[in-house]
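First up is the structure itself, then whatever we jot down about it.
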Amino acid sequence: MSRSLKKGPYLDTKLMEKVKKAKSEDARTPIKTWARASQISPEMVGLTLSIHNGKNFINVFITEPMVGHRLGEFAPTRTFRSHGRVTERTISPT
């Protein structure tokens, strides 16, 4: 279920303050954030954000196609350990 257009996008206020400060200072250091639910706004394009995934921070460079998506989409919380591999033992003799 999507958010009502009447309400507007969710943008974390502290994060937006950090983004505006980084844009004005032309800072190159990543901005740390825990606000995974925050939507990516056009002001964030060109910045690097460190998004928390529950264990550590993942650096994400924000580009134009990312606008409108959530920050959490680009910092996966689970690591994929591959499905069972085919080994000599699992292959039945035919």
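Okay, residues lined up against (1) out of contact with any Cys (no Cβ under 7 Å at 6 or more places or on another chain); (2) modelled with pLDDT of 95 or more; (3) of a type outside the set (Asp, Glu):
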| site | (1), (2), (3) |
| --- | --- |
| ASP26 | yes, no, no |
| TRP34 | yes, yes, yes |
| SER50 | yes, yes, yes |
| PHE61 | yes, yes, yes |
| PRO76 | yes, no, yes |
| THR79 | yes, no, yes |
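When you look at SER38, is it free of Cβ contacts under 8 Å to residues at least 40 places away in the same chain, of a type in the set (Gly, Ala, Ser) and surrounded by 15 or more Cβ atoms within 10 Å (Cβ to Cβ), yes or no? For SER38, the condition - free of Cβ contacts under 8 Å to residues at least 40 places away in the same chain, of a type in the set (Gly, Ala, Ser) and surrounded by 15 or more Cβ atoms within 10 Å (Cβ to Cβ) - is met.
Would you please name the residue that is surrounded by the fewest Cβ atoms within 10 Å (Cβ to Cβ), looking only at residues in region 1-27 that are among the small types (Gly, Ala, Ser) and more than 17 Å from ALA37 (Cβ to Cβ)? Ranking the qualifying residues of region 1-27, first place goes to SER24.
Among the residues making up region 40-91, those that are within 21 Å of SER2 (Cα to Cα) and among the hydrophobic types (A, V, I, L, M, F, W, C) are ILE40, MET66, VAL67, LEU71, PHE74, ALA75. Looking only at residues in region 44-94 that are farther than 13 Å from ILE31 by Cβ and aromatic (Phe, Trp, Tyr), the one that is nearest to the chain's Cα centre (by Cα) is PHE74. Only one of the numbered conditions (1) touching a strand residue (DSSP E or B) at 6+ places or on another chain (Cβ under 6 Å); (2) in a loop (DSSP other than H, G, I, E, B) is violated by ARG36, and that is (1).
The values are calculated or read from the model by the stated rules, or taken from the named source; none is laboratory data. As the structure is a prediction and not an experimental result, all values here were calculated from the model. Heads up, the Cβs are rebuilt from the backbone with ideal geometry, glycines too, and the neighbour counts pull from every protein chain shown.
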